[in-house]
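Please read the structure below before turning to the comments.
The values are calculated or read from the model by the stated rules, or taken from the named source; none is laboratory data. Note that the structure is a prediction, hence the values are computed from the model and not measured. Cβ placement follows ideal geometry from the backbone for every residue including glycine, while neighbour counts extend to all protein chains displayed.
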Amino acid sequence: MNSLPADRRRRKYFLSNVYFLFLAVPVIIFLVFVAYMVFYLFRNGINVISWEFITRPPERGMTAGGILPCIVGTLYVTLVSLIFSIPIGVFAAIYLAEYAPNNLLTRMIRSAVRSLAGIPSIVYGLFGVALFVRGVHLGLSVLASGLTLGLMNLPWIIATAEEALSSIPGSFREGALAVGATKWEAIRHNVLPFAFPGILTGILLALARTMGETAPILFTGVTYFTRELPRSPLQKFMALPYHLFALATQHDQLMKARPIAFGTAAVLLILVLMFDGVAFLLRMRIATANKWQV
Amino acid sequence: MEKGRIEIQQLNLWFGTNHVLRDISLSIPARSVTAIMGPSGCGKSTLLRCINRMNDLISDTRITGRILIDGRDIFSPETDVIELRKRVGMVFQKPNPFPKSIFENIAFGIRIHRLAHGRELKERVERALRQANLWEEVKDRLHDNAFSLSGGQQQRLCLARCLAVEPEIILLDEPASALDPHSTARLEELIIQLKNEYTIVIVTHNMQQAARVSDYCAFVMLGELVEFNRTEKVFTNPNDRRTEDFLGGKFG
């Protein structure tokens, strides 16, 4: 057992601990930053948040009142973007993962999707102006912003859904085909249900990102102030991230608007965390039903 | 002609430029067990997967020659691949149950072919599980996940899944290679039971297994059919030197 001399053994264990520290320290640094950020936001924002704050429009030049139009606006554009990007994204992913032949064109499409996911959101914003605001005359509106955000989401949803589909073992498909299922039946019954948690995670992460994006909505429909909630998808709207930006940097009485800015940031963060939480819970429930993963 | 007979005529198969099966002609009798044995990589699994056209899934495959089942060419354009795979069931090397309940695993094929529903569906599931000698072990937990079964049980479940759509022919691709000796013995017993009703083709690299379960035995090497005969004949008095060497353990 004690083939190594005592000093060599001590050295081995010492080194092992050093490596552990090397790997643990970055995690700890990262956690400290995130925890501090969340703590700082909530400490400054939590006093502002009240029932009135989330159910009333802004008042007195946005130094008082609530942020209801921003919450509604953000949820509205996010909804529009997902209605657009979920079906297209998931179908495209099914095509790429299950049907597309493995040739140069497919590989090019696949890498194009990956590159599109990395394009800065401001570029999507400008593209949205050209295509949706001007091109198809949607004007500055919820619809134009939602579609722009949807376009930005699309590569994310395609990439994560394709990943989820490819992670399902080929034997599930073979087993179904061998009893005489058609390709679609095999996918429908023995691939999609098991890829669902992965697809859902991609969608919810895209959703969380969409809610926080400012650049794509900046030129396509968001507005500094409107008292009314958007009734039709062709109206302008207020949104949380833009409201935060405006209050923090554009307001003429910055100090007076500051508490509301913190409150807005906290609400945005809570919304995002809520959806992440839902994603987490859904995954847990589905993963325990799909035993093959463990 | 007797139902369930498989006639392979001058079959050649290429994956890309790789000539995997060379001019194979073989006549597999109905209601018997035919073993295809040979060293690994000889093309025996590929040959098996021609019979239910599972090779269709691999791109860049080229096939010449014919396979007749009940006198009809399975490669002809009139052949419905779905119908073919319903008649020619397959069990794979690694048990591949679906990650669903035991019941749903069996019901899947019955449902997609709309063979039964309601009470009759339940009866058919039970019948398939009984045929696979699995009913007694799982009857109280039909709604448990199939992954909770042991490897041997999973493989019998896969066999039941294939029996549930009432095939005429069953293809077994090294079905015992992932199983322990006890489960293997149970599976072999089952194969022998089933041959009265089905044409069974089993691929194996285990020659003792071929000797134990099969009536006819084909020996394939480097994509060529070296020998095909009654199993006793192949094992006691092979025609070809290469078969003798293989059985004698000179390579494998």
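The residues of the stretch B:114-154 that are polar (S, T, N, Q) and on the phi < 0 side of the Ramachandran plot, listed by number, are B:Q131, B:N145, B:S148, B:S150, B:Q153, B:Q154. When the stretch A:227-261 is filtered for residues that are within 22 Å of A:L138 (Cβ to Cβ) and surrounded by fewer than 16 Cβ atoms within 10 Å (Cβ to Cβ), the ones remaining, listed by number, are A:E228, A:L229, A:R231, A:S232, A:L234. Restricting the first member to the stretch B:200-214 and to residues that are at positive phi and touching a residue at least 60 places away in the same chain (Cβ under 8 Å), and the second to residues that are surrounded by fewer than 24 Cβ atoms within 10 Å (Cβ to Cβ) and among the hydroxyl-bearing types (S, T, Y), no beta-carbon pair is closer than 8 Å while six or more apart or on different chains.
Restricting attention to the stretch B:1-28, the residues that are over 15 Å from B:V226 (Cα atoms) and surrounded by fewer than 14 Cβ atoms within 10 Å (Cβ to Cβ) add up to 6. Looking only at residues that are β-branched (V, I, T) and surrounded by 15 or more Cβ atoms within 10 Å (Cβ to Cβ) in the stretch A:271-289, which one is farthest from A:Y40 (Cα to Cα)? Among residues in the stretch A:271-289 that are β-branched (V, I, T) and surrounded by 15 or more Cβ atoms within 10 Å (Cβ to Cβ), the one farthest from A:Y40 (Cα to Cα) is A:I286. Across the stretch A:34-49, the number of residues qualifying as under 21 Å from A:A248 (Cα atoms) and in a helix (DSSP H, G or I) comes to 11. The condition (being free of Cβ contacts under 8 Å to residues at least 40 places away in the same chain, over 24 Å from A:F196 (Cβ atoms) and either more than 14 Å from chain B (Cβ to nearest Cβ) or surrounded by fewer than 22 Cβ atoms within 10 Å (Cβ to Cβ) (or both)) is satisfied by just one residue among A:L140, A:L147, A:L126, A:L131: A:L131. Among the residues of the stretch B:107-131, those identified as in contact (Cβ under 8 Å) with a residue 40 or more places away in the chain and within 14 Å of chain A (Cβ to nearest Cβ) are B:A107, B:F108, B:G109, B:I110, B:H113, B:L115, B:R124. Taking strands (runs of 3 or more DSSP E) as the structural unit, those lying wholly within the stretch B:32-106 and holding at least 2 residues that are crowded, with 20+ Cβ neighbours inside 10 Å, in contact (Cβ under 8 Å) with a residue 12 or more places away in the chain and facing another protein chain (nearest Cβ under 9 Å) correspond to B:88-91.
Examine the stretch B:134-143 for a residue that is modelled with pLDDT under 90 and away from chain A (no Cβ under 14 Å), and state whether such a residue exists. Even if it seems obvious, please write down each step before you answer.
Filtering the stretch B:134-143 down to residues modelled with pLDDT under 90 leaves none.
No - not one qualifying residue is present in the stretch B:134-143.
Checking the condition touching a His at 6+ places or on another chain (Cβ under 7 Å) and in contact (Cβ under 8 Å) with a residue 12 or more places away in the chain, which residue from A:A208, A:A176 passes? I'd like the intermediate steps shown before the answer.
Values: A:A208 fails: touching a His at 6+ places or on another chain (Cβ under 7 Å).
Answer to the check: A:A176.
For residues that are over 19 Å from A:A206 (Cα atoms) and more than 14 Å from every other protein chain (Cβ to nearest Cβ), tally how many sit in the stretch A:150-176. I'd like the intermediate steps shown before the answer.
Looking only at the stretch A:150-176, we keep the residues that are over 19 Å from A:A206 (Cα atoms), and these are A:166-176.
Applying the additional criterion that residues be more than 14 Å from every other protein chain (Cβ to nearest Cβ) yields A:166.
Going through the stretch A:150-176 one residue at a time, the tally reaches 1.
A:T74 meets each of the listed conditions (1) without any contact (Cβ under 8 Å) to a residue 40 or more places away in the chain; (2) surrounded by 10 or more Cβ atoms within 10 Å (Cβ to Cβ); (3) not hydrophobic (A, V, I, L, M, F, W, C) apart from (1). All conditions but one from (1) in contact with a strand residue (DSSP E or B) (Cβ under 6 Å, 6 or more places away or on another chain); (2) in contact (Cβ under 8 Å) with a residue 40 or more places away in the chain; (3) not aromatic (F, W, Y) apply to A:I54; the one that does not is (1). Screening A:V90 on (1) under 30 Å from B:I58 (Cβ atoms); (2) of a type in the set (V, I, T); (3) not in a helix (DSSP H, G or I) shows it passes everything except condition (3). Within the stretch A:179-218, if we keep just the residues that are outside any helix (DSSP H, G or I) and in contact with a Leu (Cβ under 7 Å, 6 or more places away or on another chain), the residue that is nearest to the other protein chains (Cβ to nearest Cβ) turns out to be A:V191. Can you confirm whether the stretch A:1-11 contains a residue that is assigned to a helix (DSSP H, G or I), surrounded by fewer than 11 Cβ atoms within 10 Å (Cβ to Cβ) and among the aliphatic types (A, V, I, L, M)? Yes.
The single condition among (1) closer than 20 Å to A:L240 by Cα; (2) outside any helix (DSSP H, G or I) that A:L75 does not satisfy is (2).
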